[in-house]
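The values are calculated or read from the model by the stated rules, or taken from the named source; none is laboratory data. Being a predicted model, the structure only gives us computed values, none of them experimental. Neighbour counts are summed over all protein chains in view; Cβ atoms, including those assigned to glycine, are modelled from backbone coordinates with ideal geometry. For accessibility, only protein heavy atoms count, side chains too; no ligands or nucleic acids. Shrake-Rupley method; radii C 1.70, N 1.55, O 1.52, S 1.80 Å.
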Amino acid sequence: GAGVSQSPSNKVTEKGKDVELRCDPISGHTALYWYRQSLGQGLEFLIYFQGNSAPDKSGLPSDRFSAERTGGSVSTLTIQRTQQEDSAVYLCASTSGRGNSPLHFGNGTRLTVT
Amino acid sequence: GQNIDQPTEMTATEGAIVQINCTYQTSGFNGLFWYQQHAGEAPTFLSYNVLDGLEEKGRFSSFLSRSKGYSYLLLKELQMKDSASYLCAVPSRGGYNKLIFGAGTRLAVHP
């Protein structure tokens, strides 16, 4: 597609439920990143994919968070047993993976845990 | 590790010039990015500096001094639509462009 697409744009869930967030990167982009942005805060790195593998998962806050990428394209971020502190905007970005090419971000998923 | 500092908020008047500063500490410098983020929207790429000096791109310019660990974004002829957050970011070590972001500077442009 023309840009990075994320769905849903908004998600409200009850504490303890699982959620899945989806990211469809720019076609041909091999590198994909998930970030989290809490209200008034900077972007916090979560995980990086090159192709289908995730060489850097260092930003995932706990083992309730996991992500996968299939076919070198779409990625899903799963949060199990959501907590109120998980409320944030989850942003996905992709790049061609060449040099320091800029990250192209999607509009994010605003997650609210009640 | 890496550390990035930016002012939290700035205000400016339409038509004026504003300079948003960013200081960073990083092991193994590999360039510095500026992004613009309007409220509720995705961050969008503005500029990338890897060498010292000023890079001009229309109304926006970005400056880098590697020896001082310092960058600034200069916005000229401010417009109301320039009201946004401006994010400074540097790649972490590892060679795969994992960006470490500052908390951002929220700029409010007034008539």
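So the label point goes 7 Å from the Cα of A:Asp18 along Cα→C-beta, right? Which residues of the stretch A:36-59 then have their backbone N under 14 Å from it? Backbone N within reach: none found. Test of understanding: in a Gaussian network model of chain A with alpha carbons linked when under 10 Å, which of A:Ser94, A:Ser38, A:Ser62 would top the mean-square fluctuation ranking? With Cα springs under 10 Å in chain A, the top fluctuation among A:Ser94, A:Ser38, A:Ser62 is at A:Ser62.
Shielding by partners for peptide A:99-106, expressed as the average number of C-beta atoms from other protein chains within 10 Å of each residue's C-beta, is 6.
Convex hull over the alpha-carbon atoms of chain B: what's its volume per residue in Å³? Numbers along the way, then the final one.
On the way: hull volume 10.4 nm³, N = 111.
Value for chain B: 94 Å³ per residue.
Rounded to whole numbers, the Karplus 3J(HN,Hα) couplings from phi for the stretch B:14-28 are 3, x, 7, 10, 9, 10, 10, 8, 8, 10, 9, 10, 8, 8, x Hz, using 6.51 cos²θ - 1.76 cosθ + 1.60 with θ = phi - 60°, and x at Gly and Pro. Descending by average beta-carbon neighbour count within 10 Å, the peptides A:8-17, A:21-30 line up as A:21-30, A:8-17, the highest first.
Comparing A:Gln50, A:Gln83, A:Gln41 in a Gaussian network model of chain A, where Cα atoms under 10 Å apart are tied by springs, the biggest mean-square fluctuation is seen for A:Gln41. Excluding ligands, DNA and RNA and using a 1.4 Å probe, chains B and A jointly bury around 1600 Å² of accessible surface, summed across both partners. The Cα atoms of the protein assembly as shown define a convex hull whose projected area, averaged across directions, is 12.3 nm². Take every DSSP beta bridge with both residues inside chain B and express the antiparallel ones as a percent of the total, to the nearest 5. Taking every DSSP beta bridge with both residues in chain B, the antiparallel ones total about 90 percent.
Each of B:Asn30 and A:Glu44 was given a label point 7 Å from its Cα along the Cα-to-Cβ line. The distance between the two points is 2.4 nm.
Bridgeable lysines around A:Lys11 (alpha carbons under 24 Å apart, same-chain partners fewer than 8 residues away excluded): A:Lys57. Other residues within the sphere of radius under 12 Å centred on the Cβ of B:Asn97, judged by their own Cβ, net out at +2 (K and R +1, D and E -1). At q = 0.11 Å⁻¹ the log10 of I(q)/I(0) for chain A amounts to -0.31, computed by Debye summation with a single uniform scatterer per C-alpha, solvent ignored. Calculated on the alpha-carbon coordinates, the convex hull of the stretch B:26-72 measures out at 91 cubic angstrom per residue.
Dipole of the protein assembly as shown computed with +1 at Lys/Arg Cβ and -1 at Asp/Glu Cβ about the Cα centre; of A:Gly28, B:Met80, B:Cys22, farthest Cα towards the positive end is A:Gly28.
Its alpha carbons give the stretch A:1-57 an Rg and a Dmax of 13.2, 37 Å.
Leaving out ligands, DNA and RNA, and with a 1.4 Å probe, what % of the accessible surface on chain B is carbon or sulfur? Answer for chain B is 49 percent, counting heavy atoms of protein chains only.
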